[in-house]
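These notes are about the structure you will find just below.
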Amino acid sequence: MAQSNKQRAAWCAIAVTCVSGFEGLRQVAYRDPVGIPTICFGETKGVKLGQRATLAECQGMLADSLELANRGVDACIRAPLTDYRRAALVSFTYNVGQGSLCGSMLARKINAGDTAGGCNELSRWTFAKGIQLPGLVKRRAAERDMCLRGLL
């Protein structure tokens, strides 16, 4: 579904705030809580420990990755999405990937018209490599709240 520039700007501003707030900015590559080399606002693809990035490079990576995540949302979700719901799903997809979104009960429920049930599925995605991470618990709660916005 094609989005106007105004729609894109709205969900993107919300998603940037959410993702950057939870990921934080680190301009030197580090290992995330489960050992994956990470840089900038949570970028992992092709990252090597010791790698450095400027603020502009990090912002560019974030913009590109959010756009990729948005395309993933469009590929998986057929139901109409409010700006907050799209931002929540883009943040989620940025974090777990398109494949995880597409194969999830979250996507199945939203596509079946059970928006609240789908949004509530976000709370189940708090584990990385079998370990429940406090940061993911907080992030999923925020994404769930955004996803449910306007329903309750």
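So how do Trp11, Trp125 line up by other beta-carbon neighbours within 10 Å, fewest first? Numbers along the way, then the final one.
Values: Trp11 25, Trp125 20.
Ordered from fewest to most neighbouring Cβ atoms within 10 Å, Trp11, Trp125 come out as Trp125, Trp11.
How would you classify segment 66-137 from its alpha-carbon gyration tensor, with a ≥ b ≥ c the square roots of the eigenvalues: rounded for a/c under 1.5, else prolate if a/b is greater than b/c, otherwise oblate?
Details: a/c = 1.76, a/b = 1.37, b/c = 1.29.
Cα axes put segment 66-137 in the prolate bin.
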Ser123-Val34 pseudo-label distance in nm [points 7 Å out on the Cα-to-Cβ vector]: 2.1 nm
Ellipticity estimate at 222 nm from DSSP helix runs (n ≥ 4, -39,500 (n - 2.57)) divided over the chain, nearest 500: -18500 deg cm²/dmol
Gain on full stretching of the segment that runs from Lys138 to Thr44 - 0.36 nm per residue minus C-alpha separation: 31.8 nm
Simple Cβ-charge dipole of the chain, Lys/Arg +1 and Asp/Glu -1, about Cα centre, in debye nearest 20: 200 debye
Sequence-distant residues sharing a close amide H with Ala128 (under 5 Å, placed H): Leu133
Max mean-square fluctuation residue, GNM over the chain, Cα-Cα springs under 10 Å, options Glu121, Glu43, Glu57: Glu57
Percentage relative contact order, segment 5-148, counting C-alpha pairs under 8 Å, at least six apart: 19 percent
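Counting other beta carbons within 10 Å of each residue's own, what order do Ser20, Ser123 fall into, fewest first? Working shown, then result.
Details: Ser20 17, Ser123 13.
Placing the least packed residue first, the sequence is Ser123, Ser20.
Excluding same-chain pairs closer than 8 in sequence, count the lysine pairs in segment 5-148 whose Cα atoms lie under 24 Å apart. Could the numbers behind the result be given before it?
Values: Lys45/Lys129; Lys45/Lys138; Lys48/Lys129; Lys109/Lys138; Lys129/Lys138.
Value for segment 5-148: 5.
Laboratory data are not the source of any read-out in this text; all were calculated from the coordinates shown. All of these numbers come straight from a predicted model, not from anything done at the bench. Positions of Cβ are generated from backbone atoms using ideal geometry, with glycine treated the same way; all protein chains shown enter the neighbour counts.
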